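S.K.: Here it is, the structure in full.
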Amino acid sequence: MTQEKNILPAIIAHCKEYGFVFPSSDIYDGLSAVYDYGSNGVELKNNIKEYWWKSMVRMHDNIVGIDAAIFMHPATWKASGHIDNFSDPMIDNKESKKRYRVDHLIEAHAATLSNTEGESLLKKMDELLVANDYDGLHQLIQTCGISCAVSGTKNWTEIRQFNLMFSTKVGSVAEEASEVYLRPETAQGIFVNFLNVQKTARMKIPFGIAQIGKAFRNEIIARQFIFRMREFEQMEMQFFIKPGTQKEWFEHWKQTRLDWHLKLGFAKEKYRFHNHVKLAHYADAALDIEFDFPFGFKELEGIHSRTDFDLSSHQKLSGKKLTYFDTDENKHYVPYVIETSIGLDRTFLMVLSASYCEEKTTTTDGAEDTRIVLKFPPALAPTKLAILPLTKKDGLPELAKLISTECKSHFACFYDEKDSIGKRYRRQDAIGTPFCITIDHQSLEDKTITIRHRDSMTQERMPIAKIKDFVLEKIQLI
RNA sequence: GCGAGAGUAGCUCAUUUGGUAGAGCGCGACCUUGCCAAGGUCGAGGUGGCCGGUUCGAGCCCGGUCUCUCGCUCCA
């Protein structure tokens, strides 16, 4: 982690001031860990989505997209393991404030006992867990004299259950309504549609299904701005492969996804891989691509070798075959899966924190000043081109508006004739507009304008006829 | 969830021990100017996060609550 001052508060303030991100329900003092995207934020976010979709779907003949619903049949979450694995009872030690999973705490204690004693303790624990008998579990912890490894005391809170999934009811008549969950991950929408997509898109293994969508997790505590939100958006792709080939495909996607990041042009030291040592219940290999956020290296994207866990599990619970007939091998099998899953909001924060710069400058009268500039990759910038008549007289606005009409069907433009030219440049810097053109009196005579570059602040003269192609070329990333 | 800090105009902040709320920037109109946050005139904008208590009187003291930041914690 860098030793510079933490720029996160400055980024948050900047996001609010320039219409990137607002706290949700701001007039009611916000809702914890929920945020809204503003006029510039939604453009940036859409551009990130487009870069991802284009490089993952459109550039691959064997990857197609879907858009699955947020509500899914409750059995989905039984099959995926979310119901069984993510509702664990927890307990806190009052002195150390450390929180433990109850089963982990008791298992650790059992390991210190003799074999027979340990086994009988675990058996007892399982019975209580199945019965959801939290009082009994609490009593068990007390009678065993289990103490906190940190504080050494036996001063425990009540046992509480934390379920990561939000639930709601489908059906308007209360007693007939059935409980459904807001999906905690988008992946299952792909797995349950595996055969629908494979058949209708006429896909042959290896092939992928991609999706961008919202997911919801009732985090115990959510922090660090839009890094961990209760409602968030994922961009993920499940790649279906022949069993036994997962190692090579895992390596393939690991490299492909890192290349995707590096193409944005941020310093490559800002990225690193983090291999998972302890694997989730579905994975046989897993790693994160981490980014150096203002609060340190944190997970940005996960790449998981999910084996056939999900498809097999759905096949078993639904009773529907989810196998693929491989004409090369002349046999049926349940495909293996490599997943790439990236947080859209985290990518947004990555782009912002990598682009945010405060530069010391001096104004024309010699005073010290700070230029705040968002050095977005041009492809991601909310506005590509600002069109600025030097004055609002002498026919300059009219010519500027002609240029604006010509350009705005090709990329996002912003027309501004208010305030001094210097102030207008700075406003565009603050929202990361890569190019500003200025229409002056010479423009009327020789049909040229000056184009000003955001990062260097240098200007060059250019024929009006060349503007569109110049910008189009600069905002091309793929 | 725990600990610390913060919350006053759109933004950044000020109001020296409690006495009817201010500045700069920004915003809108007009004038002047014309290449890196320019000057002038006028104007809009605040039940001081919210609720309660103490007091003749609270932005300031006390309690509660909400939100944000930082550190823990949590994290498929």
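The values are calculated or read from the model by the stated rules, or taken from the named source; none is laboratory data. Predicted, not measured: the structure shown is a model, and the values here were computed from it. We place every Cβ from the backbone using ideal geometry, glycine too, and count neighbours over all the protein chains shown. Just the protein is used for accessible areas: all its heavy atoms, side chains included, with ligands, DNA and RNA removed. Shrake-Rupley method; radii C 1.70, N 1.55, O 1.52, S 1.80 Å.
S.K.: Evaluate the following for A:ALA381: is it modelled with pLDDT of 90 or more, within 12 Å of RNA strand B (Cβ to nearest atom), more than 22 Å from A:ILE63 (Cα to Cα) and of a type in the set (Gly, Ala, Ser)?
M.R.: Criteria not met by A:ALA381.
S.K.: Quick one: count up the residues across segment A:197-230 that are touching a strand residue (DSSP E or B) at 6+ places or on another chain (Cβ under 9 Å), open to solvent by 10 Å² or more (accessible area, probe 1.4 Å), of a type in the set (Val, Ile, Thr) and near RNA strand B (Cβ under 9 Å from one of its atoms).
M.R.: 1
S.K.: Please pick out the residue among A:THR362, A:THR391 that is open to solvent by 40 Å² or more (accessible area, probe 1.4 Å), among the hydroxyl-bearing types (Ser, Thr, Tyr) and at pLDDT 85 or above.
M.R.: On inspection, the qualifying residue turns out to be A:THR391.
S.K.: Collect the residues in segment A:253-275 that are open to solvent by 80 Å² or more (accessible area, probe 1.4 Å) and either in contact (Cβ under 8 Å) with a residue 24 or more places away in the chain or among the aliphatic types (A, V, I, L, M) (or both), keeping them in residue-number order.
M.R.: Listed by number, the residues that qualify are A:LYS263, A:ARG272, A:HIS274.
S.K.: On the basis of being more than 13 Å from A:ILE342 (Cβ to Cβ) and open to solvent by less than 40 Å² (accessible area, probe 1.4 Å), does A:PHE240 make the cut?
M.R.: yes
S.K.: Scan segment A:17-36 for residues that are among the β-branched types (Val, Ile, Thr) and open to solvent by 60 Å² or more (accessible area, probe 1.4 Å) and jot them down.
M.R.: A:ILE27
S.K.: Oh, and also: So A:THR112 passes all but one of these: (1) at pLDDT 75 or above; (2) open to solvent by less than 80 Å² (accessible area, probe 1.4 Å); (3) more than 30 Å from A:PHE325 (Cβ to Cβ). Which condition number does it fail?
M.R.: Condition (2) is where A:THR112 drops out.
S.K.: Among the residues of segment A:50-78, how many are outside any loop (DSSP other than H, G, I, E, B), surrounded by fewer than 15 Cβ atoms within 10 Å (Cβ to Cβ) and out of contact with any Asp or Glu (no Cβ under 8 Å at 6 or more places or on another chain)?
M.R.: So the count comes out to 4.
S.K.: When only residues in segment A:312-357 that are more than 23 Å from A:ARG272 (Cβ to Cβ) and within 16 Å of RNA strand B (Cβ to nearest atom) count, which is nearest to the chain's Cα centre (by Cα)?
M.R.: Checking each candidate, the answer is A:VAL337.
S.K.: Might you check whether a residue that is at positive phi, within 13 Å of RNA strand B (Cβ to nearest atom), without any contact (Cβ under 8 Å) to a residue 12 or more places away in the chain and among the small types (Gly, Ala, Ser) occurs anywhere in segment A:415-435?
M.R.: no
S.K.: I've got another one for you. Do you know which residues across segment A:288-308 are buried (at least 20 other Cβ atoms within 10 Å of the Cβ), over 13 Å from A:TRP249 (Cβ atoms) and either of a type in the set (Lys, Arg) or within 11 Å of RNA strand B (Cβ to nearest atom) (or both)?
M.R.: Matches in segment A:288-308: A:PHE293, A:PRO294, A:GLY302.
S.K.: Let me ask something else. Find the residue count for segment A:246-284, including only residues that are farther than 23 Å from A:LYS54 by Cα, assigned to a strand (DSSP E or B) and at pLDDT 90 or above.
M.R.: 2
S.K.: Among the residues of segment A:40-50, are any under 20 Å from A:ALA187 (Cβ atoms) and of a type in the set (A, V, I, L, M, F, W, C)?
M.R.: Taking every residue of segment A:40-50 in turn, at least one turns out to be under 20 Å from A:ALA187 (Cβ atoms) and of a type in the set (A, V, I, L, M, F, W, C).
S.K.: Could you please give the count of residues in segment A:447-458 that are more than 8 Å from RNA strand B (Cβ to nearest atom) and either open to solvent by 70 Å² or more (accessible area, probe 1.4 Å) or of a type in the set (Ser, Thr, Tyr) (or both)?
M.R.: So the answer is 4.
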